[in-house]
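*Asks:* There's a structure below that I have some questions on.
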There are 2 protein chains.
Amino acid sequence: MSADARRYFDLSSPFPMKRGGALSGARVAYETWGTLSPARDNAILILTGLSPSAHAASNEADPSPGWWQDMLGPGKHIDTDRWYVICVNTLGSCKGSTGPASIDPASGEPYRLRFPELTLEDAANAAFELVRGLGIERLACLLGNSMGGMTALAYLIQHPGSVRSHVSISTAPQAQPFAIAIRSLQREAIRLDPNWNEGHYDEAHYPETGMSIARKLGVITYRSAMEWVGRFARIRLESDQREDDPFGVEFQIESYLAGHARRFVRSFDPNCYLYLSRASDWFDIAEYGGSVAAGLERIAVERALVIGVETDILFPLTQQQEIADGLAAGGAEVDLVALDSPQGHDAFLVDIARFGAAIAAFLGRM
Amino acid sequence: MSADARRYFDLSSPFPMKRGGALSGARVAYETWGTLSPARDNAILILTGLSPSAHAASNEADPSPGWWQDMLGPGKHIDTDRWYVICVNTLGSCKGSTGPASIDPASGEPYRLRFPELTLEDAANAAFELVRGLGIERLACLLGNSMGGMTALAYLIQHPGSVRSHVSISTAPQAQPFAIAIRSLQREAIRLDPNWNEGHYDEAHYPETGMSIARKLGVITYRSAMEWVGRFARIRLESDQREDDPFGVEFQIESYLAGHARRFVRSFDPNCYLYLSRASDWFDIAEYGGSVAAGLERIAVERALVIGVETDILFPLTQQQEIADGLAAGGAEVDLVALDSPQGHDAFLVDIARFGAAIAAFLGRM
């Protein structure tokens, strides 16, 4: 067990859920970097994609590298000598925050599918309670990546005046049918695995196959065809690395996917995956104004930076443009940055040079 | 049982296979439209994608609509009043030609995984034998769609001088890693279905789940995100159409995929699917010259039409450009047509107006 920098914040109890029901005794895990200023005006909250934990970068309590290690820290693009950075594990996850894998205090058993229907609005409300609980009335910046970008929009629309500036990265104001189709198929692969067993799996009977297919499909859509032409082309594995199976892995790209799946399958809870995936399909800023544009226009921030990637097939650039236009119509000063990173949706995790430069420039003008 | 227009051609026996082994007593199913001219110079051969049968369009023996119904027939884009059109079911398929679902004469049992390793070169050689068997020395035109386009390149490179002109549609000179990744995952979904049972399924124990996931993933990559935004947006099913399951289908796009899967799962043999899918990954025109460009340059046809679609993520336009450039370097007069059809890879099956116009114009100049 490595060091653990997580702290926990108890949510209000009961914590009401958007689609009905409430959580009792729920909490969120979070980590922080830097120091909150006496005026409490230098806080940046990071909302993550579906699977990352709150450990965005190393810190004193946990020196292991985080999922955005090169982005934040002293002197880095998000400079923790200046900013007090908070990263929260999303409500519904299995990385410390309450979710379907947590114990239901009412029964003493894991919630599994008895967890109430989860929306990104709920995740946003949990993050908002944490921020208030840390004594911060107004975030200097709310930053969201991927699913976290949708959660950020839910935060902004539900809590007007609570955020000065917003960084929106490779996300969407609503799920489009291509993204819904992919996520639906990922959920189906998990649910069709007999070991999923309507959510009643355990370590010995675990939906390994379903999770593996879901993850591979994720990786395929998170990256880009263009990047892979350069990285993998048609390179084959050495014959001793190949499987004996006549239809087994033969090309490097197949072994790359298998490696990703292997690392993920047991490290993320399948029921949590289903809940968060479905929440991503449900989110729709148009619910708050009759249309995407009208919903976004109701959001009031002083400034916004919207970053997207040309090769992203899951959250296409057209959707980043919608967000930028909508926030601008709401009165924000908006920078839209369209990057030609070859890594597709995952570029924000990989192409730190380009993303970092855009974010640092934006924060530098605050 | 509907009418059947298929005829059968016996391949040479033994029929040698590229990667070793040979087939005994193998045959291919085919259909024809129009009349072969006395000079035998008006024949067009159509090579199909992975799953279609030889029934490209209605004919006297089988008036049911074919998979390219609006493309060919009397007075249509491929005018069967002028052209003698042959469509062959690919070797390795289950639509009449010999494949893994056929009976192995050596054992009296279906081949299943004892079918020899299949390549598109083998499929091309079988089609070539059929053409020769019909008394045709030289095709007026060889037309290939998708996987059939790769088979066509295999035909051209292996049988120089046998084709006057070539129509290449939404295909590739070699599989790129994105396409390999998708197909590998489709094969994995089938193979991981316990009912696949190393190829030993039957009607009662059939890899329904694996085939369904494979087909849905196919449909997702055959169409385009752009088309779906217009067609499905975020439209939800009526509540009485939804499944009771909390993670069941909710959006129209999900029910569209389910319908496609339902129609496909029992109509295509899973082992045949595995063999043809793997053959698509293996094909590489670079084997014939050291590079894609050099391989294509060795192909000699008088004229070629290369058609691709901007929204095709599986066989991107860059690959159509490669084919056009390579054939031109080989001395062909080449037209490259890049269509902005919204339907992605499947556009050649749907956007008959645009594809038909390009093909008719090309054939009109012969």
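All of the numbers you see were taken from the coordinates with simple rules; none came from a lab. Here the structure is a predicted model, which means the values were calculated and not measured. Virtual Cβ from ideal backbone geometry, glycine too; neighbours counted across all protein chains shown.
*Asks:* Using 7 Å Cα-to-Cβ label points, what is the A:Arg266/A:Ser24 separation (nm, one decimal)?
*Replies:* About 3.5 nm, to one decimal.
*Asks:* Using +1 at the C-beta of Lys and Arg and -1 at the C-beta of Asp and Glu, which of A:Ala329, A:Ala300, A:Phe315 has the Cα lying farthest in the positive direction of the dipole of the stretch A:291-331?
*Replies:* My answer, from the dipole projection, is A:Ala300.
*Asks:* Pick out which of B:Leu276, B:Leu50, B:Leu134 has the largest mean-square fluctuation in a Gaussian network model of chain B, springs linking Cα atoms closer than 10 Å.
*Replies:* Fluctuation is largest for B:Leu134.
*Asks:* Return a whole-number percent for the relative contact order of chain A, with Cα pairs under 8 Å and 6 or more residues apart as the contact set. Walk me through the intermediate numbers first.
*Replies:* Values: 774 pairs, mean separation 62.2, N = 366.
This gives 17 percent for chain A.
*Asks:* If Lys and Arg each add +1 and Asp and Glu each add -1, what is the summed charge of the other residues whose beta carbon sits under 10 Å from the beta carbon of B:Leu237? Working shown, then result.
*Replies:* On the way: positive: B:Arg236, B:Arg242; negative: B:Glu238, B:Asp240, B:Glu243, B:Glu250, B:Glu254.
Result for the neighbourhood of B:Leu237: -3.
*Asks:* Run the label-point distances for B:Thr35 please: 7 Å along Cα to Cβ, every other copy, nanometres, shortest first.
*Replies:* 9.6
*Asks:* Let me ask something else. Per residue of B:230-238, how many C-beta atoms from partner chains lie within 10 Å of its own C-beta, taken as a mean? Provide the component values of the computation, followed by the final result.
*Replies:* Details: counts 1, 1, 5, 3, 9, 1, 0, 0, 0.
Going residue by residue through B:230-238 and averaging, the value is 2.
*Asks:* Is the shape of the stretch A:100-242 rounded, prolate or oblate, going by the alpha carbon gyration tensor and its root eigenvalues a ≥ b ≥ c, with a/c under 1.5 for rounded and a/b larger than b/c for prolate? Please list the in-between numbers first.
*Replies:* Values: a/c = 2.49, a/b = 1.29, b/c = 1.93.
Here the stretch A:100-242 falls in the oblate category.
*Asks:* For peptide B:181-194, compute the average count of partner chain beta-carbon atoms within 10 Å of each residue's beta-carbon. Don't skip to the end; give the middle numbers.
*Replies:* Values: counts 13, 5, 1, 12, 10, 1, 3, 11, 8, 1, 4, 7, 2, 2.
Averaged over the peptide's residues, the number is 6.
*Asks:* What does the charge count near A:Gly330 come to, summing +1 for each Lys or Arg and -1 for each Asp or Glu among other residues with Cβ under 13 Å from its Cβ? Can you show the working numbers first?
*Replies:* Numbers: positive: A:Arg298, A:Arg303; negative: A:Glu297, A:Glu302, A:Glu322, A:Asp325, A:Glu333.
Local net charge: -3.
*Asks:* Within 10 Å of each Cβ in peptide A:172-179, how many partner chain Cβ atoms are there on average? Round it to a whole number, please. Spell out each step's value before the answer.
*Replies:* On the way: counts 0, 0, 2, 3, 8, 18, 11, 3.
Counting Cβ atoms of other protein chains within 10 Å of each residue's Cβ and averaging gives 6.
*Asks:* Relative contact order of the stretch A:179-274, please, whole-number percent, based on alpha carbon pairs below 8 angstrom and at least 6 residues apart. Each step should come with its number before you reach the end.
*Replies:* Numbers: 89 pairs, mean separation 28.7, N = 96.
With pairs under 8 Å counted, the relative contact order is 30 percent.
*Asks:* Which order results if B:Met17, B:Met147 are arranged by neighbouring Cβ count within 10 Å, fewest first? Don't skip to the end; give the middle numbers.
*Replies:* Values: B:Met17 19, B:Met147 26.
Fewest to most other Cβ atoms nearby, the residues stand as B:Met17, B:Met147.
*Asks:* GNM on chain B, C-alpha springs below 10 Å: top fluctuator among B:Ala127, B:Ala324, B:Ala22?
*Replies:* The residue with the greatest mean-square fluctuation here is B:Ala22.
*Asks:* Something else: Taking a ≥ b ≥ c as the square roots of the Cα gyration tensor eigenvalues, with a/c under 1.5 meaning rounded and otherwise prolate when a/b beats b/c, else oblate, which class fits the stretch B:1-126? Display every interim value, and only then the final one.
*Replies:* Values: a/c = 2.39, a/b = 1.83, b/c = 1.31.
Prolate, since a/c reaches 1.5 and a/b exceeds b/c.
*Asks:* Given charges of +1 on the Cβ of Lys and Arg and -1 on the Cβ of Asp and Glu, with all other atoms neutral, how large is the dipole of the stretch A:179-274 about its Cα centre, in debye to the nearest 20?
*Replies:* Working: 13 positive and 15 negative charges, 113 e Å.
Computed charge dipole of the stretch A:179-274: roughly 540 debye.
*Asks:* Measuring label to label, 7 Å along Cα→Cβ, what does B:Arg138 give against each other copy in nm, shortest first?
*Replies:* Inter-copy label distances (nm, one decimal, shortest first): 8.1.
*Asks:* Hey, another quick one. Put one equal scatterer on each alpha carbon of the protein assembly as shown, apply the Debye formula with no solvent term, and list log10 I(q)/I(0) at q = 0.05, 0.08, 0.09, 0.10 1/Å to two decimals.
*Replies:* Treating every Cα as an identical point scatterer, log10 I(q)/I(0) equals -0.28, -0.68, -0.84, -0.99.
*Asks:* Let me ask you something else. So how long is each side of the stretch B:179-274 along the principal axes, counting just the alpha-carbon atoms, biggest first, in Å?
*Replies:* Its Cα atoms span 40, 32, 21 Å along the three principal axes.
*Asks:* Right, here's the next one. Treat the count of other C-beta atoms within 10 Å as a stand-in for reagent exposure and order B:Thr171, A:Thr311 from fewest to most. Please list the in-between numbers first.
*Replies:* On the way: B:Thr171 30, A:Thr311 21.
Final ranking by Cβ density, sparse to dense: A:Thr311, B:Thr171.
*Asks:* Find out how many positive minus negative residues lie around B:Arg6, taking Lys and Arg as positive, Asp and Glu as negative, among other residues whose Cβ is under 12 Å from that of B:Arg6.
*Replies:* 0
*Asks:* Let me ask you something else. Considering only DSSP beta bridges with both partners in chain A, what is the antiparallel share in %, to the nearest 5?
*Replies:* On the way: 14 of 43 bridges.
Here the antiparallel bridges make up roughly 35 percent for chain A.
*Asks:* Springs between alpha-carbon atoms under 10 Å, Gaussian network over chain A: tell me which of A:Leu296, A:Leu185, A:Leu11 tops the mean-square fluctuations.
*Replies:* Per the Cα network of chain A with a 10 Å cutoff, A:Leu185 tops the list.
*Asks:* For the protein assembly as shown, what is the charge dipole size about the Cα centre, in debye to the nearest 20, if Lys and Arg each add +1 at the Cβ and Asp and Glu each add -1 at the Cβ?
*Replies:* Values: 64 positive and 90 negative charges, 57 e Å.
Dipole magnitude for the protein assembly as shown comes out near 280 debye.
*Asks:* How large is the convex hull of the Cα atoms of chain A per residue, expressed in Å³ as a whole number? Intermediate results must be reported in sequence, preceding the final value.
*Replies:* Values: hull volume 52.5 nm³, N = 366.
Once divided by residue count, the hull of chain A is 143 Å³.
*Asks:* At 7 angstrom along the Cα-to-beta-carbon line, where would the label on A:Pro74 sit relative to the other copies? Give the distances in nm, shortest first.
*Replies:* Label-point separations across copies, in nm and ascending: 8.7.
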